[in-house]
1. Consider the stretch B:187-214. How many of its residues are open to solvent by 70 Å² or more (accessible area, probe 1.4 Å) and assigned to a strand (DSSP E or B)?
2. Could you tell me whether B:Glu99 is in contact with a strand residue (DSSP E or B) (Cβ under 9 Å, 6 or more places away or on another chain), closer than 26 Å to B:Ser326 by Cβ and open to solvent by 60 Å² or more (accessible area, probe 1.4 Å)?
3. If you take the residues in the stretch A:303-325 that are surrounded by fewer than 24 Cβ atoms within 10 Å (Cβ to Cβ) and of a type in the set (Gly, Ala, Ser), which one is nearest to A:Leu113 (Cα to Cα)?
4. Tell me which of these A:Asp231 doesn't satisfy, since it passes every other one: (1) at pLDDT below 95; (2) at the interface with chain B (Cβ under 10 Å from one of its Cβ atoms); (3) open to solvent by 10 Å² or more (accessible area, probe 1.4 Å).
5. Which condition number does B:Tyr200 fail, the rest of (1) within 13 Å of chain A (Cβ to nearest Cβ); (2) more than 17 Å from A:Thr245 (Cα to Cα) being met?
6. Might you let me know whether the stretch B:4-20 holds any residue that is more than 19 Å from the chain's Cα centre (by Cα) and modelled with pLDDT of 95 or more?
7. Exactly one condition in (1) under 27 Å from B:Gly41 (Cβ atoms); (2) surrounded by fewer than 19 Cβ atoms within 10 Å (Cβ to Cβ); (3) assigned by TED's automatic domain parsing to the domain that holds B:Asp231; (4) of a type in the set (A, V, I, L, M, F, W, C) is false for B:Val77; which is it?
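The values are calculated or read from the model by the stated rules, or taken from the named source; none is laboratory data. The model shown is predicted, which means the values in this text are computed figures rather than measured ones. With ideal geometry, Cβ positions are generated from the backbone for all residues, glycine too; neighbour counts draw on all protein chains shown. Note: areas computed on protein heavy atoms with side chains; ligands, DNA, RNA excluded. Shrake-Rupley method; radii C 1.70, N 1.55, O 1.52, S 1.80 Å.
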Number of protein chains: 2
Amino acid sequence: MSEWIKVAVDAMGGDNAPGEIVKGAVEAVRANENVSVTLVGLQEQIEAVLATCGEYPAERLSVRAASEVIETGEPPVDAIRRKRDSSMVVGLKMVRSGECDAFVTAGSSGAVLAGGQLLVKRIKGIERAALAPILPSAKGPVILIDCGANMDPRASQMVQFAQMGSVYYEHMCGVKDPQVAIVNVGTEEEKGNALVKEVYPLLKACDSINFTGNIEAREIPAGGAQVVVTDAFTGNAILKTYEGTASVLLHSIKDALMTDLRSKIGGLLIKPAVKGLMKKFDASEYGGAPLLGLTGLVVKTHGNSTAKEIQGGIEQCILFKEKRVSEHLAKSMGLETE
Amino acid sequence: MSEWIKVAVDAMGGDNAPGEIVKGAVEAVRANENVSVTLVGLQEQIEAVLATCGEYPAERLSVRAASEVIETGEPPVDAIRRKRDSSMVVGLKMVRSGECDAFVTAGSSGAVLAGGQLLVKRIKGIERAALAPILPSAKGPVILIDCGANMDPRASQMVQFAQMGSVYYEHMCGVKDPQVAIVNVGTEEEKGNALVKEVYPLLKACDSINFTGNIEAREIPAGGAQVVVTDAFTGNAILKTYEGTASVLLHSIKDALMTDLRSKIGGLLIKPAVKGLMKKFDASEYGGAPLLGLTGLVVKTHGNSTAKEIQGGIEQCILFKEKRVSEHLAKSMGLETE
């Protein structure tokens with residue numbers, strides 16, 4: 001038995017597939033000796049890209065043919081059920097069967113969520129898997145859980161999200177007892193909608209997390225907590241508002257700097273300083289969004305992922321396995337591992 | 001009977017009370033001949049500021065003594081019930097009795113919401129009042145309704161929010177049939193949490209609005225719709241994430257520009273261009289957040305409002321009355337005005 005960590009990668013997912021995906025996988029096996037990657041998708045297309053990649057350790061990079069592709073915008077559950085030979089379904093099943101430890105995809109978010117829940121087993125005792133993207137903040141990475149899977153969660157599920165997020169953050173970001181907070185409309189305990197009012201006392205009573213109370217969404221970009229718990233609907237709204245605001249502001253500043261010569265020269269002068277800043281706010285530094293609660297790791301990277309993000313997603317899977325996050329997770333929650 | 005539009009102003013509300021509040025009221029009566037303002041609060045303090053303001057049309061600026069102040073952080077409903085001689089309660093009652101047409105406050109959001117609902121009558125047929133702040137976007141102002149009043153609204157209430165927001169936007173921003181969209185996690189009709197799934201078909205069937213479907217939160221800063229409908233919990237999360245992200249990014253850029261001489265010089269050169277940009281993204285240009293659905297207008301301005309924002313809030317009340325927005329609102333929704 002090899003000691004390699006085995007990662008399946010959806011070669012057909014995202015805007016830049018298969019080119020950037022295949023290149024990212026090649027970079028990952030070059031840079032990490034303990035990983036083997038299986039590229040899943042249309043074999044000819046994948047091999048055509050591989051032929052342009054120069055030398056790489058071929059014993060740790062293989063191709064698994066899958067004849068179908070799930071497109072963004074297809075109804076997710078339907079696509080997962082119908083396209084049984086798609087790169088997404090084949091890759092997820094490799095995790096289910098234990099053939100691979102993890103799966104990385106830049107494909108349709110809806111399909112990853114549906115497929116992850118339908119095809120990969122949950123850790124015994126976990127009620128629902130949760131998507132947990134990492135946001136940049138002024139004080140470092142913040143994990144936002146849930147952000148896609150459960151639109152109308154039960155209170156008990158929210159408590160599990162908090163526990164899973166805390167363990168993930170502790171081991172993946174290296175911070176003991178990270179601050180866990182729940183999104184609310186104010187800092188007072190009695191505030192909120194019906195769900196939050198029900199969840200708050202449960203989190204307060206939960207011994208395995210460092211619960212710091214409510215967090216207003218305004219404090220998330222400032223880094224007011226490290227693990228931010230919310231339902232998937234609100235989480236999605238926060239994540240998308242964050243991305244949209246940053247994007248519109250930065251584009252507007254760029255445009256403003258092109259209006260006249262004075263601004264253009266100023267823009268050139270500030271470029272190095274602003275570039276360093278942008279790196280700090282680049283979420284892709286922290287890898288993709290993990291779908292937590294499954295027996296294997298599923299990572300969703302941005303739809304416009306380049307080779308760099310795919311490599312990051314694969315390295316996230318390596319760290320996850322090396323740090324034995326699944327085991328810590330089950331242990332911290334008093335669950336059995338399988 | 002005078003033809004003046006009568007606005008009560010909470011002289012004690014907000015971080016800069018009473019100084020900036022009183023100055024804003026003075027500016028408003030100076031600049032607008034058709035308004036009379038009543039400053040509500042601690043008489044001596046208000047008069048001390050007025051004494052420093054130079055000449056103003058005193059026949060249109062009066063003081064109404066109120067001996068108590070509701071502080072930020074007090075439990076709102078309790079504060080409204082207990083402090084019956086507070087500037088907030090006295091001001092709201094002046095709207096209820098018809099003595100004033102509108103009330104402007106920079107005080108506690110919770111207290112305005114509770115007091116607005118408890119003390120001012122709703123338009124007959126309106127189920128709940130809704131707070132509707134105006135956000136800046138790349139394409140102009142966006143109204144986000146509801147953003148504070150109803151954490152777990154019923155579907156029928158959400159439809160009324162859409163109708164109220166549409167009428168307000170049309171008459172206050174001068175755009176016929178503004179685009180109305182509902183916040184969701186994707187653009188497809190079948191997405192969302194239970195509430196949105198229930199509301200979507202009702203909005204689609206609503207003849208009095210120009211419903212354009214779902215909007216992802218990412219598109220709000222880009223100006224993807226003019227009237228954005230959501231529950232107060234999600235609305236609050238969107239508003240606060242928007243403000244927090246913009247604030248953290250702009251502060252980080254400012255800091256980055258102070259790191260070395262090159263960046264400092266660049267920063268000076270780009271200042272005029274960036275200043276123009278900031279004006280575009282300055283929400284206070286559009287006044288405060290109206291609490292819609294009441295028989296008089298209640299406007300909540302930012303807690304850190306300066307004289308300029310208070311003047312803006314008062315002028316918002318003038319426009320609201322001049323454009324007869326309440327009447328249009330009742331008419332568009334098939335309701336009687338009182």
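1. Initially, the stretch B:187-214 is screened for residues open to solvent by 70 Å² or more (accessible area, probe 1.4 Å), giving B:187, B:189-190, B:197-198, B:202, B:204-205, B:207, B:212.
Now drop any that are not assigned to a strand (DSSP E or B), which leaves B:212.
Total meeting the criteria: 1.
2. Working: in contact with a strand residue (DSSP E or B) (Cβ under 9 Å, 6 or more places away or on another chain): yes; closer than 26 Å to B:Ser326 by Cβ: yes; open to solvent by 60 Å² or more (accessible area, probe 1.4 Å): yes.
Against the criterion (in contact with a strand residue (DSSP E or B) (Cβ under 9 Å, 6 or more places away or on another chain), closer than 26 Å to B:Ser326 by Cβ and open to solvent by 60 Å² or more (accessible area, probe 1.4 Å)), B:Glu99 qualifies.
3. Selected residue: A:Gly303.
4. A:Asp231 satisfies all of (1) at pLDDT below 95; (2) at the interface with chain B (Cβ under 10 Å from one of its Cβ atoms); (3) open to solvent by 10 Å² or more (accessible area, probe 1.4 Å) except (1).
5. Exception for B:Tyr200: condition (1).
6. Yes: the stretch B:4-20 contains one or more residues that are more than 19 Å from the chain's Cα centre (by Cα) and modelled with pLDDT of 95 or more.
7. If we test B:Val77 against (1) under 27 Å from B:Gly41 (Cβ atoms); (2) surrounded by fewer than 19 Cβ atoms within 10 Å (Cβ to Cβ); (3) assigned by TED's automatic domain parsing to the domain that holds B:Asp231; (4) of a type in the set (A, V, I, L, M, F, W, C), just (3) comes out false.
Every residue, every condition in (1) touching a Leu at 6+ places or on another chain (Cβ under 8 Å); (2) surrounded by fewer than 19 Cβ atoms within 10 Å (Cβ to Cβ); (3) hydrophobic (A, V, I, L, M, F, W, C), yes or no:
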site	(1), (2), (3)
A:Ala246	yes, no, yes
A:Ile253	yes, no, yes
A:Met258	no, yes, yes
A:Lys280	no, yes, no
A:Ala289	yes, no, yes
